[in-house]
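To start, the structure under review is shown below, and the notes come after it.
The values are calculated or read from the model by the stated rules, or taken from the named source; none is laboratory data. What you see is a predicted model, and the numbers here were worked out from it, not measured in a lab. Cβ placement follows ideal geometry from the backbone for every residue including glycine, while neighbour counts extend to all protein chains displayed.
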Amino acid sequence: MAVENTQDRPLDVMITEMQLSDLPAVMSIERQSFPTPWSERAFVSELTRNAYAHYIVARVDGEVAGYAGMWLILDEAHVTNIAVNPKWRGRGIGDRLLTELEHRARAHGCTRMTLEVRPSNDVAQALYRKHGFVARGVRPGYYSDTNEDAIIMWKDSLEPERTRE
Amino acid sequence: MSERILAFDTSGASLSVALWEGGRTVWLFTREFPPGRPGHAAALVPAWQRGLVECGWSVSSLDGVGVTVGPGSYTGLRIGIASAKGLALARGLPAAGVGTLEALAWPWLGPECAVLAWLDARRGQVFAAVYAAAAPAGGAAPGGAGAAGAPGAPRTGEAPGEDAAPAGTGALHAHAAPGDAAPLELAPPARMPSAEAAELAAQAAAGAGRAVLCAAGDGELAPGAAAALAAAAARRGLRLWRAPLAARVSAEAVAALAAARLRAGGGDPLTLVPLYAAPPHVAPRTAPGA
């Protein structure tokens, strides 16, 4: 049969800095991904006025398939968002975006990385755990839309790890 | 420094391109090709063109070019070096070659460790080199001055081992952004058995009064190589650290290292020569016999 299972095919993914011209695609993914999406103005402000902000997009076949961002504050990187277009989910794009954030944070001199995640978001939590993030605390009622708490996760090991002797 | 540098790495499975200005990366591009289907030749020039457009630069605003010269894949190195030479010669730009292992070590350079960078060369062999951060202006690096370019040189700092890594929490301190100071080369890139590379790294680290930090490209080390490194460090009472991320060559590192080289006056594009991982199977008949 000539039908190929394209779901399993490894992707050709390009990752680079988010541009203002990416925002229509980013906003579409944002609205499909979060119950209380950021406004386009919020993204514009992040890209043009926030010197600590660093945003990247992943493209497949030239199309924005996902994006991620963080604030680089001294030696800490605070992940602000990671989202993948629903049609590209489950293909490892979130994993690549997080890996890219880690390498970029490292090159900026960050030693630790933190983020908040909803307790109901099992997929995201599994990704973060796979990358070495551990739950360290809770921000009660952080998500004002659903009154959900936020789980605070940290990854300390952007620093080298001491090996066991 | 307001020099603008275009740097790229085509030595491995992915493609990385960076634009560098004023001592930092302003644009960084990573492309991961599907396994077995690399496309560096077709993707490199469009990638840097995209970067120039997104940064509002043009080719004529560049001040230099940086490229990895190996070790790495034959085809990848040829694409990268040919592209760097072509651009530099056509535009009259300086171009600097950067070692793949040096770029691999770059994110992990800090005052307390000698960084062993290695790549699997198959059949129990690795490509290995050892680097250390140049002593910062504050002069905190133990033994840094005495270690310059000379493995086993007399130490000027404290005893190695316990003092090579900080006391207290057991964490490795002071990893600021690596910046664009040229690192010290404690052992130059060479192909050797992994056990030999482990010994070399431990010897160089002990000579510099530093702990050993291992950055392995392409994921984990073979179990035998990891054990050899642990044993070599333990024999000298050295602490051993491991890079937590799967080490990879980033064009950001290539740009930083190329900037240092260009500042130091290097940069004749005609001197760019690939450092292949192994001698080519096919060579011109006039090539000198090995």
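For the reader, a short list of remarks on this structure follows.
- In summary, A:Met18 fulfils each of the numbered conditions (1) more than 15 Å from the chain's Cα centre (by Cα); (2) within 14 Å of chain B (Cβ to nearest Cβ); (3) at pLDDT 95 or above with the single exception of condition (1).
- Count - residues of region B:197-252 that are in contact (Cβ under 8 Å) with a residue 60 or more places away in the chain and among the acidic types (Asp, Glu): 2
- Within region A:75-104, tally of residues that are at the interface with chain B (Cβ under 10 Å from one of its Cβ atoms) and either part of a helix (DSSP H, G or I) or over 21 Å from A:Val134 (Cβ atoms) (or both): 7
- Residue count for region A:32-41, restricted to those that are part of a helix (DSSP H, G or I) and either surrounded by 13 or more Cβ atoms within 10 Å (Cβ to Cβ) or touching a Cys at 6+ places or on another chain (Cβ under 6 Å) (or both): 3
- Every residue from region B:233-259 that is assigned to a helix (DSSP H, G or I) and within 7 Å of chain A (Cβ to nearest Cβ): B:Ala234, B:Glu252
- Beta carbons closer than 6 Å, at least 6 apart along the sequence or on distinct chains, never pair a first residue in region A:150-165 that is within 7 Å of chain B (Cβ to nearest Cβ) and on the phi > 0 side of the Ramachandran plot with a second that is surrounded by fewer than 17 Cβ atoms within 10 Å (Cβ to Cβ) and at pLDDT below 95.
- Search result, residues across region B:1-14 that are at pLDDT below 95 and either within 13 Å of chain A (Cβ to nearest Cβ) or surrounded by 19 or more Cβ atoms within 10 Å (Cβ to Cβ) (or both): B:Ser11, B:Gly12, B:Ala13, B:Ser14
- The listed residues are B:Gly138, B:Gly124, B:Gly97, and the only one of them that is at pLDDT 85 or above and away from chain A (no Cβ under 14 Å) turns out to be B:Gly97.
- Matching residues, region A:105-137, being within 11 Å of another protein chain (Cβ to nearest Cβ) and free of Cβ contacts under 8 Å to residues at least 12 places away in the same chain: A:Ala107
- Scanning region B:54-81 for residues that are under 21 Å from B:Ala259 (Cα atoms) and within 14 Å of another protein chain (Cβ to nearest Cβ) yields a count of 3.
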